[in-house]
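The values are calculated or read from the model by the stated rules, or taken from the named source; none is laboratory data. In this text the structure is predicted, and so the values were computed from the model without any measurement. Positions of Cβ are backbone-derived with ideal geometry, glycine not excepted, and every protein chain shown enters the neighbour counts.
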Amino acid sequence: MATAVENIVKVLGEQYYKDALEQCHNYNARLCAERSILMPFLDSQTGVAQSNCYIWMEKRHRSAGTAPGQLYSYPARRWRKKRRAHPPEDPALVFPPLKTAELELGLKKDVLGPLDGSSLEALLKGEPLDKRVTTELRPPEEETSLAEITGTSTASSHSGSTRIRKRILEPEDYLDDLDDEDFEEETPKRRSKGKSKGRGVGNGKKKLEAAAAAQEDRDKPYACDICGKRYKNRPGLSYHYTHSHLADEEGEDKEEPEIHTPAPPEEPKTPKKGPNGLALPNDYCDFCLGDSSMNQKTGQSEELVSCSDCGRSGHPSCLQFTAVMMAAVKTYRWQCIECKCCNVCGTSENDDQLLFCDDCDRGYHMYCLSPPMSDPPEGSWSCHLCLALLKDKASIYQSQNPAME
């Protein structure tokens with residue numbers, strides 16, 4: 001053995017061997033100390049959750065033996081009552097002994113006569129019969145005073161006439177008599193994994209819903225004060241208010257004097273088409289509610305521009321049209337902001353990718369352009385039709401010239 005140790009020392013070195021012995025000694029000492037204390041912990045060596053153990057005592061706890069042949073004795077650990085999982089059982093729900101019940105039933109039959117509906121209801125609820133009857137017979141002034149009187153126990157079964165009312169204890173009365181030490185827990189409780197997972201999933205759904213609502217508020221900042229419906233722009237909100245709520249209010253005013261007349265059949269809310277295939281234009285502005293003879297904002301007469309698909313109209317100043325744009329919208333089938341579609345593919349999908357020309361108000365998907373665009377340009381933008389028609393007078397050049405100067 002000594003030869004083997006000497007060979008190891010020669011190979012590893014004396015200092016390395018001493019360090020290894022010291023580390024091994026420290027590990028064994030710590031492991032033995034943990035096993036002797038046996039505090040609640042998970043044993044890393046065996047993988048077993050240890051619990052408290054009270055068989056290990058110190059020398060200061062040792063005293064002389066109390067029984068013949070006993071060398072030493074150690075103090076016994078005080079017993080502690082564990083916390084109850086449920087409140088104490090209500091004494092009113094406990095069935096009384098058979099003889100006592102028969103005696104009480106016989107006395108009640110002699111004194112009170114046959115049971116009525118209220119007495120039977122009291123027995124089903126678990127209340128004493130005499131308590132129910134005396135409550136019904138005594139005046140209201142005596143109820144408060146008699147409710148405070150409590151008895152201690154029932155008398156002997158042989159002297160049934162001298163029975164004392166028994167006080168029914170509530171679960172809170174038992175809790176007042178217990179000490180804090182009675183509720184000491186001996187074993188640690190583990191959290192249920194299933195419940196925590198369920199709560200995590202619920203919280204995750206709430207967070208996703210809140211994030212979706214916040215994203216919708218950012219995408220559609222214009223909300224209706226009446227119904228809460230949201231829109232991406234103010235013209236859409238104005239159209240919704242005019243055609244939904246304002247029309248409903250006007251309809252209610254008209255229906256009030258004609259209460260007894262039958263309601264006309266509802267017609268589909270599709271825009272009426274004219275002989276040229278265009279929707280019949282409205283004779284009022286969707287923004288200021290004025291007509292062609294009066295702009296409610298400026299107070300002047302102004303020609304209305306109408307959508308070819310839905311017929312909604314608006315003043316050029318309310319639509320913030322320039323003179324060039326006003327002349328351009330008369331040359332093609334102009335569409336409002338709600339009906340706007342791409343001039344290349346003809347669809348209104350992905351309206352967040354639509355780019356509007358600042359000279360003719362046509363719409364184009366950024367990915368339908370040639371070459372396609374990934375981000376909208378800064379400043380004004382003109383489509384290829386306006387560039388070919390207006391050349392250097394297009395808005396894109398007008399916005400670049402001041403920057404170059």
Taking the condition farther than 20 Å from Pro316 by Cβ and modelled with pLDDT of 60 or more, does Tyr241 pass?
yes
The condition of being under 18 Å from Asn233 (Cα atoms) and over 42 Å from the mean Cα position of the chain (by Cα) holds, among Cys310, Cys318, Cys341, Cys336, only for Cys318
Mind checking which residues of segment 3-30 are small (Gly, Ala, Ser) and within 30 Å of Ser44 (Cα to Cα)?
Ala20, Ala29
Condition first: touching a strand residue (DSSP E or B) at 6+ places or on another chain (Cβ under 6 Å), in a loop (DSSP other than H, G, I, E, B) and more than 19 Å from Tyr284 (Cβ to Cβ). Can you find one or more residues in segment 310-331 that meet it?
no
